[in-house]
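Below is one structure, written out as structure tokens; comments come after it.
The values are calculated or read from the model by the stated rules, or taken from the named source; none is laboratory data. The shown structure was predicted, so the numbers you read here are calculated from the model rather than taken from an experiment. Methodologically, a virtual Cβ is constructed for each residue, glycine included, from the backbone with ideal geometry; neighbour enumeration extends over all protein chains shown.
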């Protein structure tokens, strides 16, 4: 009858311990990730509606939790939302703005500002996207120009 060598037992125990540690670590990581996702969703649901805004059905996308339209310009809406969101959540919101093409006038591109706010929680975040609301050009408009008539606000969380 052969005897089990001690080096084999040591190696076997090391493999079992490594497997247990790997399973435990993945469970901890999953729980932390779930908690961060829940915090991001809670932050998204806590975004206050802009003053004077009305509920809209013009927002489309995964994770959308709110959608509003406002007669206020993008910059005013972003500034007010950032201040109130940071005050209520106690967290800073990252702001990013860029020019968005909204049409052409005499073959020249016409652009308006679009901005976003984000509060990050690890790999998850709550986002506020504020886009210009555009009225299409008509012959009666000022030289047939599309007009920015306010803002569209979309809130999402993941």
Open item on the list: Anything in region 102-112 that is part of a strand (DSSP E or B) and either within 18 Å of the chain's Cα centre (by Cα) or over 15 Å from residue 133 (Cβ atoms) (or both)? List them, or say none.
Closed with: 104, 105, 108, 109
- [ ] Could you figure out which of (1) closer than 29 Å to residue 146 by Cβ; (2) under 17 Å from the mean Cα position of the chain (by Cα); (3) at pLDDT 85 or above isn't true of residue 61?
- [x] (3)
Open item on the list: Checking the condition modelled with pLDDT of 80 or more and within 19 Å of residue 125 (Cβ to Cβ), which residue from 80, 46, 30, 53 passes?
Closed with: 46
Open item on the list: Restricting to region 63-96, give me the number of residues that are under 15 Å from residue 154 (Cα atoms) and part of a strand (DSSP E or B).
Closed with: 9
